[in-house]
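Where a number appears in this text, it was derived from the coordinates with a stated rule and is not lab data. Note that the structure is a prediction, hence the values are computed from the model and not measured.
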Amino acid sequence: MEEKKLCPYCGEEILAVAKKCKHCGEWLDKPKEATKPMEPRHVGEQKSGTKKWKVAIPVIILMLIIGGYLVMSNHQSKADKEILAEKADPVINFAEPEEDEDETVTSPKESVIAETTEHKPADISRMNSDDASAENYSSEELLSLGERFEKGVDVEENLEKAFYYYEKAALSGDPAALNKLGNMYAQGKGCTKNASKAASYYLAAAEKGNKYAQHNIAWCYWDGIGVGKNRDAAIMWMQRSAAQEYEKAKKALETMGVE
């Protein structure tokens, strides 16, 4: 009698030598599925931690890049604002006569060294009289009144009045008054700051031979303040100012790299 056994799949009795169950059709000699060996717990934890770091590192790098970009953008924005503020708020190395100098100069065509003359002091006692109108003052007196009110000499400082008298004096074409008016516009003293007007008054005074205005318009051309930047024009005007023995102009030429 042949030996028999039970099918491991359906439980029916089959021959012991059978390779396939005649009842359920399952092959009895098919290889068992390989089971994946279990890893020790600490090895699994290490692999899990490594995967987390592989994900975290790119995220950290990306955050650093974004943070650096934001910092640089903020810095650039601040720098741009400073540049715009500088353009909107020009700073000119103002040239005015020292206490022992006089601002009246002759035309460059006549002489490169100015002959000094004293300004006629304005009679401030007339200011409250009937002839106090600006039309009754000479350009030199108007210039003197402007200086008094600008610096508060014998009168209370009043920049609006100073500007008023400088403007009246400049109408006559007085080069010293033109330069003063340019300074007022450049600094916004007694008026709204206006670099373009400042440069135009400097140029008008410079063309009349005023060494201080020549110095000022030179810096305007050098830095492009109120006019288009023109280094050749800047050097030309600074040389004209230095030719009239203006020491600041001589030092400025050294700064400009001109021998």
Here Rg/Rh (Cα, Kirkwood) for region 141-259 equals 1.01
Please work out the ratio of the alpha-carbon Rg of region 216-258 to 2.2 N^0.38 Å and round it to two decimals.
-> 1.02
Once amide H atoms are built 1.01 Å from N in the peptide plane, which residues 5 or more positions from Lys20, or in another chain, come under 5 Å H to H?
-> Leu28
